[in-house]
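Here the structure comes first, spelled out in structure tokens, and everything after it is commentary.
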Amino acid sequence: MGIIINGKSLTIDEVIRVAADNEEVRLSEDAVAAVKKARDYVDRKLSEGAVIYGLTTGFGKFSDTYIPKEEAPALQRNLIVSHSCAMGAPLPQKTVRAAMLLRCNALARGNSGITPKTLNTLIDMLNKGVHPVIPEKGSLGASGDLAPLSHMVLPMIGLGKAEYKGAIMTGREAMGEAGIPTLELAAKEGLALINGTQVMTAIGLIALWDAMNLAKLADIASALTTEALFGITRAFDAKVHSLRNQKGQQDAADNMRKLLAGSQNVKDVNPNKVQDPYSLRCIPQIHGASRDAIGYVYDIVSREINAVTDNPLIFPDEDEVISGGNFHGQPLALAFDFLKTAIAEYADVSERRIERLVNPQLSEGLAPFLTKHGGVCSGFMIAQYTAASMVSENKIYAHPASVDSIPSSGNQEDHVSMGTTAARTAALILDNAQKVLGIELFTASQAIWLRGEKGLSQGTQAAYDFIRGSVAPVDEDIVMHDELVKFDAMVKTGSVVAAVENVTGKLY
């Protein structure tokens, strides 16, 4: 059946299904009618000679320049060509697909004035796998993602580059091979296609989705470390966390109790130590705060994927065309900056647990740097360096993009959000955090091996067995990079979480 879009009810899960799993997309009947109604209204206004921004005027600082009706196609084509100024590496295919879907969904609402033919062309590209090459840099996050979205449109008019069936080719070639005719854009259409927040939303949405999975993985990794360091479970008691009444904290504590249930390595009370260090004792508080932040971002993104964010907006029933600022990415910029900090904290505390595992002064009797042959072998000494390096790098990326603004378009656009930069740096932080938590999995499993692989809970045993299915314990020094790459893949694919949930049931 695929995903039916109407501009009002798209979910984050559906975006992921289209972006990652290539589910087909089609317009609802109501959306088809709404798009046609708005376009008929635009055509009527053009025939009346109305002065409307983006239809019969130039853009930005040129908004006071009148454009006659016969020059409308040239105006729209030139808009796309001149705005195709993005730079840098191409966005991943999954991100491009998400951005295309989000733009289609926004246009399907019937407030943008695009022709049904043009909207269906973009949907056909999505369904047939014509993926425009979109460089990652160049958006100020207001007026939306003008530069990257222009690159999305180029193949529609027979220009630019696109990926089709694994090969990069010209946009015209890709459209031809897919059997999709190219277009001449009508009045308002170029602006309708590029004036929005869909690139920043796509990048941030995918980072958000992966952060939601990372939250579970972080609890699993910390449970393995708690096993290896003979942690005290009393700190995870539900009574403690109910007094705080923070949902994320309570969910993380529930996960820790579920993951450690039945373990012989952890104790409710340990006569040899009164309490654990913060990196163990405060796992629910630290992980839980990030969970709550992720939940906040989820709500913002859920609303944004059903938002109409171009300008001007068409209201056929009210006989109005209104110039506004829904393209401004500030709601997303702030949210993605928050997401950056939330994800960075998972890596931050994970590195502290890694340090406790490798440091003989903190590791509850484990061999220094987790090697049986200390001196001749360095063991996991430099794995901790690598984690520390990425945690430190995250501190640079975590600087909020939204506190910056730089005027553009002759100072007509004098405050911008930098929301796309916030989304891009969130993705960078996510990648580092995934790698750091992979190192914790590697380090904790090595510690458990040195302990004799005994007494694990059902949940941590499932994680440990899965890990040992592809990575052997490190007896003598090896090229650690090769193993670290395996752990990074485990984290990114969600395979460790799936293995654990198969025996424990769903984690929060």
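Here's the yes/no breakdown for (1) polar (S, T, N, Q); (2) at pLDDT below 95; (3) in a helix (DSSP H, G or I):
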| residue | (1), (2), (3) |
| --- | --- |
| LEU75 | no, yes, yes |
| THR95 | yes, no, yes |
| LEU119 | no, no, yes |
| ASN127 | yes, no, yes |
| SER139 | yes, yes, no |
| GLY144 | no, yes, no |
| HIS151 | no, no, yes |
| MET175 | no, no, yes |
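Of the residues contained in region 376-391, none is found to be under 22 Å from the mean Cα position of the chain (by Cα) and farther than 30 Å from SER470 by Cα.
On the given criteria, is ASP317 without any contact (Cβ under 8 Å) to a residue 40 or more places away in the chain and either in a helix (DSSP H, G or I) or not assigned by TED's automatic domain parsing to the domain that holds ILE429 (or both)? Criteria met by ASP317. Could you please let me know if SER470 is of a type in the set (Ser, Thr, Tyr) and not in a helix (DSSP H, G or I)? Yes. Residues in region 97-117 that are among the basic types (Lys, Arg) and part of a helix (DSSP H, G or I): ARG97, ARG103, LYS117. For LEU107, indicate whether it is modelled with pLDDT of 95 or more, closer than 24 Å to GLY324 by Cα, among the aliphatic types (A, V, I, L, M) and touching a Cys at 6+ places or on another chain (Cβ under 7 Å). The answer is no for LEU107. Answer yes or no: is there a residue in region 266-278 that is without any contact (Cβ under 8 Å) to a residue 60 or more places away in the chain, in contact with a Phe, Trp or Tyr (Cβ under 9 Å, 6 or more places away or on another chain) and in a helix (DSSP H, G or I). Scanning region 266-278, I find no residue that is without any contact (Cβ under 8 Å) to a residue 60 or more places away in the chain, in contact with a Phe, Trp or Tyr (Cβ under 9 Å, 6 or more places away or on another chain) and in a helix (DSSP H, G or I), so the answer is no.
Whether a residue is closer than 15 Å to LEU122 by Cα and either of a type in the set (A, V, I, L, M) or in a helix (DSSP H, G or I) (or both) was assessed, and PRO181 does not pass this test. Scanning region 236-260 for residues that are surrounded by 15 or more Cβ atoms within 10 Å (Cβ to Cβ) and outside any helix (DSSP H, G or I) yields a single hit, GLN246. Looking at ALA106, ALA74, just one residue is on the phi < 0 side of the Ramachandran plot, of a type in the set (A, V, I, L, M, F, W, C) and in contact with an Asp or Glu (Cβ under 8 Å, 6 or more places away or on another chain), and that residue is ALA106. Only residues that are of a type outside the set (A, V, I, L, M) and under 30 Å from ARG281 (Cα atoms) were counted in region 304-351, giving 10.
If the condition is being within 30 Å of TYR41 (Cβ to Cβ) and either of a type in the set (Gly, Ala, Ser) or buried (at least 24 other Cβ atoms within 10 Å of the Cβ) (or both), then region 306-354 contributes ALA307, THR309, ASP310, ILE314, SER323, GLY324, GLY325, GLY329, LEU332. Being at pLDDT below 95, in a strand (DSSP E or B), out of contact with any Phe, Trp or Tyr (no Cβ under 7 Å at 6 or more places or on another chain) and within 30 Å of THR56 (Cα to Cα) is a condition met by no residue of region 388-406. Within region 197-215, the set of residues being closer than 14 Å to TYR508 by Cα and surrounded by 24 or more Cβ atoms within 10 Å (Cβ to Cβ) comprises ALA211, LEU214, ALA215.
Do the conditions hold for PRO284, that is, is it assigned to a loop (DSSP other than H, G, I, E, B) and either in contact with a His (Cβ under 7 Å, 6 or more places away or on another chain) or free of Cβ contacts under 8 Å to residues at least 24 places away in the same chain (or both)? Answer is no for this residue.
The values are calculated or read from the model by the stated rules, or taken from the named source; none is laboratory data. For clarity, every value in this text was computed on a predicted model and none was experimentally measured. For neighbour counting, all protein chains shown are included, and Cβ atoms are generated from backbone atoms with ideal geometry for every residue, glycine included.
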